[in-house]
Amino acid sequence: MKRIFILSLALVFLVFGVGCVDSWGTDTPENATIPPILHYERGSVSISVNTSEIPVRRFDVNVTEVIEILLADRRAGVLLENGWNIASVRTGFAEEDPNREHIDVEFQSDELPLSFFIEVEEEEKQTGKGRCNATIWGGRPWPESTGPCPDYYQAANLYMNRFEVIDRNNERVLMVYNKTTIFYLYPSYGDANVWAPD
């Protein structure tokens, strides 16, 4: 009888212990940080940005802070409102000064094989230059050009200090921008035919 009592008591402790151990894994620790979901908002437009879903190719960066700085830039709003997504956060280097390091935030569209990058200066808490990764092509589709024309390319308009991103197959302008502003983004932002000089 004493043996049955001891076994029953051991079984009760065992069942109670399993229940306690199982509940430990379900609680969220008090000091755990959950990556915030940030919002770009303009008028009635609200777009969520989950920072935990953004690939980071630079590990010493506070992604939440970088995205907060970025969302204050009108170019980010234009891209997000027109269906582009934040594709990555990575280390960037200035073309003029290779020693000047900054953060590049990459935007991509599901419909186009292009990226648009906006520089973020984390320490200064501001954005910098923007650029598209389309090939800069200076020729025309003639034999004496600089080579075969790519499907997507950009041409520099030096007079107006602008870049025009062209979809050669569909014969349309996809984007018009300079280092600080997006003037036109196909199909709904701006007017591809109206660009005032700086």
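The values are calculated or read from the model by the stated rules, or taken from the named source; none is laboratory data. These numbers were taken from a predicted model, which means no experiment stands behind them. Neighbour counts run over all protein chains shown; Cβ positions are idealised from the backbone, glycine included. The area values use the complete protein model at the heavy-atom level, side chains included, leaving out ligands, DNA and RNA. Shrake-Rupley method; radii C 1.70, N 1.55, O 1.52, S 1.80 Å.
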Filter pass, Gln154 being at pLDDT below 95 and crowded, with 17+ Cβ neighbours inside 10 Å: yes
Among the candidates Thr127, Thr180, Thr135, residue that is under 18 Å from the mean Cα position of the chain (by Cα), open to solvent by 50 Å² or more (accessible area, probe 1.4 Å) and modelled with pLDDT of 85 or more: Thr180
Of residues in segment 44-65 being surrounded by fewer than 19 Cβ atoms within 10 Å (Cβ to Cβ) and touching a Leu at 6+ places or on another chain (Cβ under 9 Å), the one modelled with the lowest pLDDT: Val45
Where a residue in segment 116-137 is within 17 Å of Val63 (Cβ to Cβ) and its partner, wherever it lies, is open to solvent by less than 70 Å² (accessible area, probe 1.4 Å) and among the basic types (Lys, Arg), with Cβ under 8 Å and at least six apart: Ile118/Arg75; Ile118/Lys129; Glu119/Lys129; Thr127/Arg75
Matching entry among Glu68, Glu95, Glu41 (being part of a helix (DSSP H, G or I), open to solvent by 30 Å² or more (accessible area, probe 1.4 Å), out of contact with any Ser or Thr (no Cβ under 8 Å at 6 or more places or on another chain) and modelled with pLDDT of 60 or more): Glu68
